[in-house]
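To start, the structure under review is shown below, and the notes come after it.
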Amino acid sequence: MPLGTLDSSPPAFFKQGPSAVSKLLFFSALSVLLMVADARFGVTQPLRATLSVALYPVQWLAMRPQALAEYSSEYFEARDVAQASEREARQQLLVQARRSGQVEQLALENTQLRELLNLSKRLETKGIAAEVLYDAADPYTRKLIIDKGMANGIKASSPVMDEHGILGQVTHVLPLVSEVTLVTDREHSIPVLNTRTGARGVAYGESGGAPLLELRFMATNADIEVGDMLSTSGVDGIYPAGVLVGKVIKVERRAETAFARILCEPVGRVQGARHVMVLEPLSDQLPPRPQIEKQLPVAAQKGGRR
């Protein structure tokens, strides 16, 4: 039988249902209808919720290898960080133990010398622990808000420090909170002492973008070097003497000016401090300043006698 005479259509027994084109058109229309109905009326939302609950165990099991890998990585990283922190803490503890012995010996010698010279005792400074709530909203200032105020005995001009050194002083006190101006604020100044040479100066907040201090009005031939540590001098009646303030990081000696440009890095954690100590200002323990009576000019005194 010639091949061209064969009927290519399937037998009637295999003819079941609509054609493939009809199925394509039907399901396309159904898909569009379901998408429109879901976008407008959310008809498939219950079905999605049911499927998500049913598939959650499968998703949870599928995510376990990744979660286990992340947990293992975080565990080993945290362990390494904890071990490094422990080693650093042990080293600091050894250094502090050595310094504490020296401090006790120096304090004993200082007490004996003061008694020998019949000098008054050094002023004791009390402190109140506080927590930093947030930074001040003004972007042009460097200030912090702490969770202690007048109700806790905080006073204006109280020095504020952390475990490293001076941070600033309290400039505004409210009943429950207080505002602290940092040493890097451009409106703040603090008397300092060079621990290497004993030279005194005044450090001002740097007005630039970096949180630095500037040691102003120092002569170009002044004995100051990079790496010198600056501490509070205690002559202002506010900050206790001997607390670290900053470290000299840059000294520029210019021929056209009589003063050197000296930049210092604050020792205290001015960025990121969480817990601070508010000290009692020394002015509360010092005797009041004597009042100087104004004297009239000599001519006025003679005129009054006449």
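Give me the pairs: first residue in the range 168-196 and in contact (Cβ under 8 Å) with a residue 60 or more places away in the chain and buried (at least 21 other Cβ atoms within 10 Å of the Cβ), second residue among the acidic types (Asp, Glu) and outside any strand (DSSP E or B), beta-carbon distance under 7 Å, and six or more apart or on different chains, which are they?
Final answer for the pair search is 184/206.
Return the pairs, sorted by first residue and then second, in which the second residue is among the aliphatic types (A, V, I, L, M) and surrounded by 10 or more Cβ atoms within 10 Å (Cβ to Cβ), the first residue lies in the range 114-128 and is part of a loop (DSSP other than H, G, I, E, B) and at pLDDT below 65, the beta carbons are less than 6 Å apart, and the residues are 6+ apart or on different chains.
Going by the 6 Å Cβ cut-off, the qualifying pairs are 123/282.
So, in the range 250-264, of the ones that are of a type in the set (D, E, K, R) and in a strand (DSSP E or B), which residue ends up farthest from residue 203 (Cα to Cα)?
Per the criteria, the residue is 252.
How many of the residues making up the range 143-171 are basic (Lys, Arg) and more than 21 Å from residue 203 (Cβ to Cβ)?
2
Considering only the range 250-278, state which residues are within 30 Å of residue 170 (Cβ to Cβ) and touching a Ser or Thr at 6+ places or on another chain (Cβ under 7 Å).
Within the range 250-278, 266, 270, 278 meet the criteria.
Spot the failing condition for residue 108; the list is (1) at pLDDT 90 or above; (2) more than 25 Å from the chain's Cα centre (by Cα), and only one is missed.
With (1) at pLDDT 90 or above; (2) more than 25 Å from the chain's Cα centre (by Cα) applied to residue 108, the lone miss is (1).
Would you point out the residue of the range 197-215, among those that are of a type outside the set (Gly, Ala, Ser), within 28 Å of the chain's Cα centre (by Cα) and surrounded by fewer than 17 Cβ atoms within 10 Å (Cβ to Cβ), that is nearest to residue 141 (Cα to Cα)?
Step by step, filter the range 197-215, then rank; the result is 211.
Among the residues of the range 169-185, is any in a loop (DSSP other than H, G, I, E, B), on the phi < 0 side of the Ramachandran plot, of a type in the set (S, T, N, Q) and under 14 Å from the mean Cα position of the chain (by Cα)?
There is at least one residue in the range 169-185 that is in a loop (DSSP other than H, G, I, E, B), on the phi < 0 side of the Ramachandran plot, of a type in the set (S, T, N, Q) and under 14 Å from the mean Cα position of the chain (by Cα).
Test residue 218 against the stated conditions and say whether it is at pLDDT 90 or above, farther than 25 Å from residue 136 by Cα and of a type in the set (A, V, I, L, M, F, W, C).
Spelling it out, residue 218 is indeed at pLDDT 90 or above, farther than 25 Å from residue 136 by Cα and of a type in the set (A, V, I, L, M, F, W, C).
Here's the yes/no breakdown for (1) modelled with pLDDT of 90 or more; (2) in a strand (DSSP E or B); (3) more than 15 Å from residue 240 (Cβ to Cβ):
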position	(1), (2), (3)
130	yes, yes, yes
133	yes, yes, yes
138	no, no, yes
141	no, no, yes
144	yes, yes, yes
148	yes, no, yes
151	yes, no, yes
154	yes, no, yes
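Can you tell me which residues in the range 204-229 are within 10 Å of residue 265 (Cα to Cα) and either in contact with a helix residue (DSSP H, G or I) (Cβ under 9 Å, 6 or more places away or on another chain) or outside any loop (DSSP other than H, G, I, E, B) (or both)?
213, 214, 229
The values are calculated or read from the model by the stated rules, or taken from the named source; none is laboratory data. Computed from a prediction, not measured in an experiment: that's the story for all the values here. FYI the Cβ positions are ideal-geometry reconstructions off the backbone, even for glycines, and counts take in every protein chain you see.
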